[in-house]
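Working notes, structure below.
Read-outs throughout are calculated quantities, based only on the coordinates presented, and are distinct from any laboratory measurement. Small disclaimer: the values here were computed from a predicted structure and weren't measured. Methodologically, a virtual Cβ is constructed for each residue, glycine included, from the backbone with ideal geometry; neighbour enumeration extends over all protein chains shown.
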Amino acid sequence: MREAPIGVFDSGVGGLSVLAEIQHLLPNETLMYVADCGNVPYGEKTPAFIQQRCSVMADFFQQQGAKALVLACNTATVAGVADLRRDYRDWPIVGMEPAVKPAAAATRSGVVGVLATTGTLQSAKFAALLDRFATDVKVITQPCPGLVELIENGDLHSAELRQLLAGYVEPLLAAGADTLILGCTHYPFLKPMLRQMIPADISLIDTGAAVARQLQRLLAERELLAAGPAREAQFWTSADPLHFRNILPILWNTSGVVRSFNR
């Protein structure tokens, strides 16, 4: 089981930012990734629909012999991780959540801005995070419709993207935020553009590295860390494999075989 692969999924390509953190921390691990691009974005779907997709992904990765599962999606974690942990009790399962705790610790102005999908910001889990970790800071939330769709098309540089992003970020800065939470796995791909439009002392916080560390901890507890060498990562998508294959070098820095996910 040590050399068995790790299954990772997201509503689309955003989870590749998490996959990169896992590969960086755990280079001996073999990775499998499903992009549910045919249903992106999850943030606009019902919780029941997302729960059903989470179950489909878990079943698929179990059939593939995965030794662990990572939900590289904040919205999927909110809707589905509790059910998955109930249904797959002996399986290491790692989810995502917006980095409210480290952001609250990092802010100097006492104001934190959150860029996220509507589904994440409206969730009870996000509200609980605020109640637990942000009682002493002001948190300003900003839903960001449209960003995911542009990133899904491999757009990280266009004027349209810049204008949309600026419209979401500028009100947070104007309100005094000195720390911005990137509350969607797609958003770390926007760091280069964000760095061009915000002051250098503004902190950008996401949770990809923390997810990789939690995965490492769970695997180590179960003596499941691989000795390597890792096999080539495998990719699936529920949309057009050719489209995913074309943008993979942009977001993953290498090409790869992409299969169709028809479930």
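The string of couplings for segment 77-94 from the Karplus curve (6.51, -1.76, 1.60, θ = phi - 60°) is 4, 4, 7, x, 5, 5, 5, 5, 5, 6, 7, 10, 5, 9, 10, x, 10, 10 Hz, one whole number per residue in order, with x for Gly and Pro. Under a model in which nothing but the beta-carbon of Lys, Arg (+1) and Asp, Glu (-1) is charged, the chain shows a dipole of about 380 debye around its Cα centre.
Within the listed set A159, A209, A72, the Gaussian network model of the chain (springs between alpha-carbon atoms below 10 Å) gives the highest mean-square fluctuation for A159.
For segment 1-68, the set of trypsin sites (Lys or Arg not before Pro) satisfying both a DSSP loop assignment and a count of at most 14 other C-beta atoms within 10 Å is given as R2. Look at the dipole of the chain built from charges on Cβ: of P241, Y33, L69, the Cα furthest out on the positive end belongs to L69. Placing a pseudo-label 7 Å from each Cα along the Cα-to-Cβ vector at K138 and V257 gives an inter-label distance of 5.5 nm.
What FRET efficiency, computed as 1/(1 + (r/R0)^6) with R0 = 41 Å and r the Cβ-Cβ distance, is obtained for R195 and Q62, rounded to the nearest 0.05? Each step should come with its number before you reach the end.
Details: r = 40 Å, r/R0 = 0.97.
Taking R0 as 41 Å, the efficiency between R195 and Q62 is 0.55.
Placing one equal scatterer on every Cα of segment 100-205 and applying the Debye formula, the log10 ratio I(q)/I(0) at q = 0.19 Å⁻¹ is -0.93. A dipole drawn for the chain from +1 and -1 charges on Cβ atoms has a positive end, and of V169, V78, G154 the residue lying farthest that way is V78.
The lysines within cross-link reach of K125, meaning a Cα-to-Cα straight distance under 22 Å and a gap of 8 or more places when in the same chain, are K45, K101, K138.
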